[in-house]
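To start, the structure under review is shown below, and the notes come after it.
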Amino acid sequence: MRILVLGIGNTLLADEGVGIVAMNELEARFGASNEIEFVDGGTLSFTLAAPISECDALLVIDAAELGESPGTAHSFEGDDMDRFLGQNRKSSVHEVGLLDLRAISLLTGYWPQQRALIGVQPAFVGWGDTLTPPVAAALPEICSTASEIIGRFARGRSQKILMG
C-alpha cells in the first residue's frame, strides 16, 4: 500500500501555505515510511501526475474557498472530492489546478480509488511567511483528520485483500 500525502500551496503567501505546513507536521508525526510518501506539491505542476499515478491512495491538503470562517477545514473523500474540485475552481497562484491533475491522471488511465482532499478556509492570502492565527489554530484538527483518513486508507487495503 502506497499512500501519497500531497501538501499544496505557497508558503510565501500566508494561509495559501497551509497545505505545506500541515504536510510537514504529518511527516514529522509519521516519520519515514515505505507506505507513506510526503510530497511538497508547492503551487502544483504537471510533474505531480507521476507520483499520483504511482500511489494506491491520495490525500491532498490545500487552502480552499469554502465560504466558511477562517481556519474551518472540510474533508472530501472519493467522488465527493471530485465533485468539490469540479464545483470549486478557486483562483490561485497555482500553475495548474488539482482538477487539471485529475484530468491528466484520467487520461493516463489512473486516478486513485482511495482519495481525499482536506480544504482549509484561509483568512489571508497575500505576502507573508506565517499562517494567520485562526488557520494556525486549526492545524491540530487538520492533522488529526488527515491521520484518520490515512488510517482508513491503510485499513481499506487490508479489507480489499480479505474480501477479494
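Can you give me the long-range amide H partners of residue 71? Hydrogens built in the peptide plane at 1.01 Å from N, cutoff under 5 Å, separation of 5 or more residues or another chain.
Those lying under 5 Å, H to H, from residue 71 are 121, 123.
Measure off 7 Å from each Cα along the Cα-to-Cβ vector at residue 130 and residue 106, then give the distance between these two points in nanometres to one decimal.
Modelled inter-label distance: 4.2 nm.
Taking the Cα centre as origin and putting +1 on Lys and Arg beta-carbons and -1 on Asp and Glu beta-carbons, what dipole magnitude results for the chain, to the nearest 20 debye? Provide the component values of the computation, followed by the final result.
On the way: 11 positive and 21 negative charges, 99 e Å.
It works out to roughly 480 debye.
For a quick check: with amide H placed at 1.01 Å from N, whose amide H comes under 5 Å from residue 63's, ignoring anything fewer than 5 positions away on the same chain?
Correct list: 18, 19, 120.
Which net charge results when you count Lys and Arg as +1 and Asp and Glu as -1 among the other residues whose beta-carbon is under 13 Å from that of residue 39?
Numbers: positive: 2; negative: 27, 37, 40, 54, 62.
For residues surrounding residue 39, the net value is -4.
Restricting to Cα pairs below 8 Å that are 6+ residues apart, what does the relative contact order work out to for the chain? Please round to a whole percent.
Details: 317 pairs, mean separation 53.4, N = 164.
Over the chain, the number comes to 33 percent.
Let me know the whole percent of all Cα-Cα pairs from the chain that are separated by more than 22 Å.
Numbers: 4927 of 13366 pairs.
Everything past 22 Å amounts to 37 percent.
Taking K and R as +1 and D and E as -1, what net charge do the other residues with C-beta under 13 Å from the C-beta of residue 148 add up to?
Details: positive: 29, 152, 155; negative: 77, 141.
Computed value for this residue: +1.
Mind ordering 24-37, 111-124 by average Cβ neighbours within 10 Å, highest first?
Numbers: 24-37: 13.6, 111-124: 21.3.
Put in order of decreasing packing, that is 111-124, 24-37.
All of the numbers you see were taken from the coordinates with simple rules; none came from a lab. This one's a predicted model, so the numbers in the text were calculated from it and none came from an experiment. All Cβ positions, glycine included, derive from the backbone under ideal geometry; neighbour counts span all protein chains shown.
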